[in-house]
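Asks: Input: one structure, supplied below.
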Amino acid sequence: MLNLLGLAMSAGGVVTGDEACMARIRSGKALLTVVAEDAGPNTKKKYQDKCRSYQVPIVEFAAKLELGKALGKEERAVIVIINKGFADRIAQLLREQIGGEASE
């Protein structure tokens, strides 16, 4: 799963950074939001509320350090997937791993 995020980043299918992520969610270009499991409660609530409002699936996965490392960056609390193929495959893998669905 982390390798797939790295591929998505290389292909330009991932957005990082708070302002850029929020802009993609608001513009309707975000297809999946991934929040690190160890992100702060305020960050989690902000993104859960925004994603619910804009009907963007959101999942919690991995630690900030793991997300950042997978993308070739430092810690990342939130990333947004903007490529449909990658978003679909990541959501599918997460469902298989945790036996659940991404919440909207």
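The values are calculated or read from the model by the stated rules, or taken from the named source; none is laboratory data. Because the structure is a prediction, the values reported are computed rather than measured. So basically every Cβ, Gly included, is an ideal-geometry build from the backbone, and we count neighbours across all protein chains shown.
Asks: Which residues, taken from the range 9-41, are touching a residue at least 12 places away in the same chain (Cβ under 8 Å) and in a loop (DSSP other than H, G, I, E, B)?
Replies: Ala11, Gly12, Gly13, Gly28, Lys29, Ala30, Leu31, Ala36, Glu37, Asp38, Ala39, Gly40
Asks: Restricting attention to the range 42-56, report how many residues are surrounded by 20 or more Cβ atoms within 10 Å (Cβ to Cβ) and in a helix (DSSP H, G or I).
Replies: 2
Asks: Inspect the range 90-97 for any residue being crowded, with 18+ Cβ neighbours inside 10 Å, assigned to a helix (DSSP H, G or I) and at pLDDT 95 or above and give the result as yes or no.
Replies: no
Asks: Which members of the range 58-77 meet the condition of being of a type in the set (Gly, Ala, Ser), in contact with a strand residue (DSSP E or B) (Cβ under 9 Å, 6 or more places away or on another chain) and part of a loop (DSSP other than H, G, I, E, B)?
Replies: Of everything in the range 58-77, those that are of a type in the set (Gly, Ala, Ser), in contact with a strand residue (DSSP E or B) (Cβ under 9 Å, 6 or more places away or on another chain) and part of a loop (DSSP other than H, G, I, E, B) turn out to be Ala62, Ala77.
Asks: Given Val78, Val59, which one is surrounded by 15 or more Cβ atoms within 10 Å (Cβ to Cβ) and modelled with pLDDT of 95 or more?
Replies: Exactly one of Val78, Val59 is surrounded by 15 or more Cβ atoms within 10 Å (Cβ to Cβ) and modelled with pLDDT of 95 or more, namely Val78.
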